[in-house]
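Before any comments, here is the structure.
Read-outs throughout are calculated quantities, based only on the coordinates presented, and are distinct from any laboratory measurement. The structure presented is a predicted model; accordingly, all values stated were derived computationally and were not measured. Methodologically, a virtual Cβ is constructed for each residue, glycine included, from the backbone with ideal geometry; neighbour enumeration extends over all protein chains shown.
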Amino acid sequence: MSASSSPRAGAARSPLERLLGSREVVIACGPGGVGKTTTAAAIAATVSVRTAAKVLVLTVDPARRLADALGVAGIGNTASQVPSAAFSAAGVRQKGELWAAMLDTKQSWDALVSRHAPDATTAAQIFANPIYQNITGRFAQSHEYIAMERLYEIHAEGTYDLVVVDTPPTRDALDFLDAPGRMADFFASGLLRWLVAPARSRLVGLASRPFYQVVDRILGTQFLGDVTEFFLLFQSMYDGFVSRAQAVGSLLGDARTTFMLVTTLETVPAVEATRFAAALADRRLHLGLLVVNKVLPASLADPEAVAVAEALQGEPAARARALLAALPGGLAGSSEEMVARVLAEIGRSFASFGLVASRQRELLAEMSAAHEVTATVPHLASDVVDLRGLLAIGRHVLEGSVD
Ligand SMILES: Nc1ncnc2c1ncn2[C@@H]1O[C@H](COP(=O)(O)OP(=O)(O)OP(=O)(O)O)[C@@H](O)[C@H]1O
Ligand SMILES: [Mg+2]
């Protein structure tokens, strides 16, 4: 869809809203636990309020209460619409639609096999194969790849004006960028073809070697049989898998796709996010939004405020007396010692928040020097589990306020 025909184009206001008006896919990525799922849902909800777009957020493993708020708990790959009444209840009128789905790795693998298997019998044999069941459940790259695969599928169907995709927590945030390429390599690899060429004889031949004899003793003859069957069955799907994985990979670099990198200002995520931004640039992938989440207010780092906090910890008795005199009647009987203790503790807490906030400011300055930070989102007082919270975050992200 071109920007001019997009239902989002006319209504776009901030530069970031204009950017989203010209994109069809936003991939939320970043280190673990920084707020990827929250931010992905937040911008999807906010775009659906501000423009007449049909928006899908494809989430991965959202916290239970957020899943309930989006209506995706237990529904897997099937998208469902978040009722516009839920937006009215959150105090806004929606111009567009918000749809949500949850990534179901097993369901997605099965759909992929159904598409590429030469016939229904082969597909059924693959589904029943224990090696396949293990691979789809635990194969290291399986989750990362399938997230991109689902995105490709949904985008190709063309049902939505904008798809915001969340990505799974990975050991390394770069994993999923390379997942389509690795998947293509895996299925195209000479090793696999060698293994299955005269498959039965080769594996049966291997079975006589000591390693396999041990495997056989531990795991049973059934295991080798399952491995042989798995590679034989998959042989019929290699070409389909390779070209599919290549197509999925090229969607990442498509002009209609942009990345939203989310991070916090803790040291480890900040370093990983910087590395990730560089990796996107290396691969010529478009980084449209760099969102720094859970930022403490600048006022906490204000040296004057920190000086006040430190002063509160000194001379507690005199301050406690003054405060006691000002306390409402019911508390006037509290001991000076107790009031002094509370004051000192408040001072200490403020001072340590001040320290963290100053460190955050330094990291933010370093990050901004290397990359354009498009928005900072404050650390909210509680977890974000409803539309109201999502819309508050979405507003920060789309209006591009950098505090
Ligand atoms: N700005 C914020 N203020 C307060 N809490 C937040 C904020 N952003 C996210 N959270 C909370 O932080 C927690 C982690 O957020 P979220 O699940 O979105 O992270 P994630 O990056 O998707 O994690 P994972 O890598 O495990 O998938 C959640 O409890 C969420 O409600
Ligand atoms: Mg998440």
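So what is the relative contact order for the range 299-368, in percent, with contacts set as C-alpha pairs under 8 Å and at least six apart? Walk me through the numbers before you get to the answer.
Details: 59 pairs, mean separation 32.1, N = 70.
Relative contact order here is 46 percent.
I need the shape label for the range 56-159. Rule: rounded when a/c is under 1.5, else prolate if a/b > b/c, else oblate, with a, b, c from the alpha carbon gyration tensor.
On the way: a/c = 2.95, a/b = 2.15, b/c = 1.37.
The shape class here is prolate.
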Point to revise | Net charge dipole size for the range 299-368 [Lys, Arg +1 and Asp, Glu -1 on Cβ; Debye, nearest 20] | key: 140 debye
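Pairs of alpha-carbon atoms within less than 8 angstrom and 6+ residues apart define the contacts here; what relative contact order does the range 258-403 have, in percent?
Details: 181 pairs, mean separation 43.6, N = 146.
The value is 30 percent.
Is the range 333-400 rounded, prolate or oblate when judged by the Cα gyration tensor, a ≥ b ≥ c being the square roots of its eigenvalues, rounded requiring a/c under 1.5 and prolate requiring a/b larger than b/c? The partial results should precede the final answer.
Values: a/c = 5.42, a/b = 1.70, b/c = 3.19.
Verdict is oblate for the range 333-400.
Given the Cα-Cα distance of Ser368 and Thr159 and 0.36 nm per residue of separation, how much length would full extension add, in nm? Numbers along the way, then the final one.
Working: separation 209, 0.36 × 209 = 75.24 nm, distance 3.64 nm.
The Ser368-Thr159 span can extend by a further 71.6 nm.
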Review point. Using unit Cβ charges (K, R positive; D, E negative) and no other charged atoms, how large, in debye to the nearest 20, is the dipole of the range 349-403 about its Cα centre?
Key: 120 debye
Practice item. Show which lysines lie in cross-link reach of Lys54 when reach means a straight Cα distance below 25 angstrom and same-chain residues fewer than eight apart are skipped. Key: Lys36, Lys95
Exercise for review: Would you mind listing how long the range 299-368 runs along its three principal axes, going by Cα atoms, in whole Å with the largest first?
Suggested key: 52, 21, 15
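What shape does the range 35-106 take by its C-alpha gyration tensor, where a ≥ b ≥ c are the square roots of the eigenvalues and a/c under 1.5 counts as rounded, a/b above b/c as prolate, and the rest as oblate?
Details: a/c = 1.76, a/b = 1.70, b/c = 1.03.
Taking the square roots of the gyration eigenvalues as a ≥ b ≥ c, the range 35-106 is prolate.
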Exercise for review: Please give the length that would be gained between Ser349 and Lys106 if that part of the chain were fully extended, namely 0.36 nm times their separation in residues minus their C-alpha to C-alpha distance (nm, one decimal).
Suggested key: 82.8 nm
Check your understanding: Which length gain, in nm to one decimal place, applies between Ser334 and Ser114 when the Cα-Cα distance is subtracted from 0.36 nm times their residue separation?
Key -> 71.9 nm
